[in-house]
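The values are calculated or read from the model by the stated rules, or taken from the named source; none is laboratory data. Note that this is a predicted model, so its numbers are computed, not measured. Cβ placement follows ideal geometry from the backbone for every residue including glycine, while neighbour counts extend to all protein chains displayed.
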Amino acid sequence: MDFDLMFTSFPKLLGATVITLKLLSASLFFGLIIGLLFAILRLNKNIFINKFAYGYSYLFRGTPLLVQIFIIYFGLGQIEHLRSTFLWVILKEPYWCAIIAFTLNTGAYTSEILRSAFQTINPGIIEAGKSLGISNKIIFYKIQIPIAIRQSLPAYGNEIILMMKGTSLASTVTLMDLTGVAKYIISTTFKPIEVFIVAGGIYLFMTFIIHNVIKFLEKKYSFSQ
Amino acid sequence: MELLAFGKTGWGDELFYATLMTIAVSVSAMFIGFFFALIFTPFKLSKFKSLNLIGNFYTTIIRGVPELLVIYLFFFGGSGAIMYVASIFGYFEYIEINAFITGSMAIGIISGAYSTEVFRGAIQSIDKGQFEAAKVLGINKFTQFYKIILPQMLRLAIPNLSNVWQITLKDTSLISVTGLVEIMRQSYIAAGSTRDPLFFYCFAAILYLMLTYISMKIINRLEIKYNRGY
């Protein structure tokens, strides 16, 4: 055990954690919006809209995240037309490519989580709202969405942890996130175990925090039975 | 389309073999995972605190740390660890383990952590009377687990194991960083030499979709088969 290396690499890895957290928060924020949008599309009665939303989630859940990042980072740059548009400003940056890929990926999983939450809402609640003369819009925003959020909290907590682990793939497109820096230190010092303990410890700490925050929220928003 | 031709002109045969490699790694990782799960599930359910701790240590660490980091640990640390063990037995030559074994071990240990959780859940949902009946009949713990609980548990575990299989299959794409020529690595090579990354990575995505689709169909069949009589 090389404790000196563990001490010297800790600040470097902690610095890289900032990028990991930035990637995670940005992709979760945009992913939640996309997820909610596609969950609503999935519940639409129109078969084309429905199939489109299903296709999106099937495509992104059926392929590895690595393929998705590579298509966006290496693949899209190949299209000539794209290079002349303003989109190129975003797509030439690995940082934004990673965020786009993570957003689309977590959006697909989130849409499935929210869809099943919407579908398990007791129809009696919606009927009760209707019989009280509440408009459909208000039923949706004030009754269905809060219940669906509560229902999907445990599954969404898992998704946040999976996404946190997913951000490690940003290191494959030259971003120096926690895993990227860990790999760099490992390949220069050839001390994989020490670096793994420090970097893994940071990841576990983040998992621990996320897990407990979700647990707290679950308790806070649990129905009083 | 000529990019996908078989033979020397295209990448068809290379990608075909790469797909077989992906399947081989996934299957062997899944079996290594089962092996670990069969060891750690009894640990997690044990009455002894210390065994419990070992079981929880394994699943918590592996499920809380990114797969890529675990793969780097095995890739950079694997041969070092083997050489250290060999040196105890008096063998000091350089040992290189091939990428297939490192990759399947790394992914296997990851998938084992998920399988352990699935097995634990399935065992806990088995009727308590089964355990008591085994105890009354004087069957020892070992036989009870492997002959009575395990066969019943497998039926309950299949739907969740199919999720573990999907995760394992997708995780194998990460082994490409170690240089093992599976779908992702082959696409990377092909994209590099033809300067057509969009086409090859999209094709890789299609191959993965195909694999997940086919395995879903097979697992659905298995589910029907093992639910016969219920």
Residue within the stretch B:130-139 that is on the phi < 0 side of the Ramachandran plot and in contact with a Ser or Thr (Cβ under 7 Å, 6 or more places away or on another chain) present: no
One residue from B:175, B:149, B:167, B:183 being of a type outside the set (Gly, Ala, Ser) and either at positive phi or away from chain A (no Cβ under 11 Å) (or both): B:149
Residue selected from the stretch A:182-221 under the condition in contact (Cβ under 8 Å) with a residue 24 or more places away in the chain and among the polar types (S, T, N, Q), by the criterion farthest from residue A:146 (Cα to Cα): A:189
Among the residues listed as B:43, B:92, the single one being modelled with pLDDT of 90 or more and surrounded by fewer than 22 Cβ atoms within 10 Å (Cβ to Cβ): B:43
Any hit, the stretch A:20-36, residues being within 12 Å of chain B (Cβ to nearest Cβ) and under 30 Å from residue B:214 (Cα atoms): no
Complete set of residues in the stretch B:1-52 that are part of a helix (DSSP H, G or I), more than 25 Å from residue B:120 (Cα to Cα) and of a type in the set (S, T, N, Q): B:19, B:22
Residues of the stretch A:26-50 classified as assigned to a helix (DSSP H, G or I) and surrounded by 14 or more Cβ atoms within 10 Å (Cβ to Cβ), total: 17
Residues of the stretch B:68-101 that turn out to be hydroxyl-bearing (Ser, Thr, Tyr) and closer than 12 Å to residue B:177 by Cα, as a count: 1
Counted residues, the stretch A:142-170 - those being of a type in the set (Val, Ile, Thr), touching a Leu at 6+ places or on another chain (Cβ under 9 Å) and within 13 Å of chain B (Cβ to nearest Cβ): 2
Meets criteria (loosely packed, with under 13 Cβ neighbours inside 10 Å and away from chain A (no Cβ under 11 Å)) for residue B:140: yes
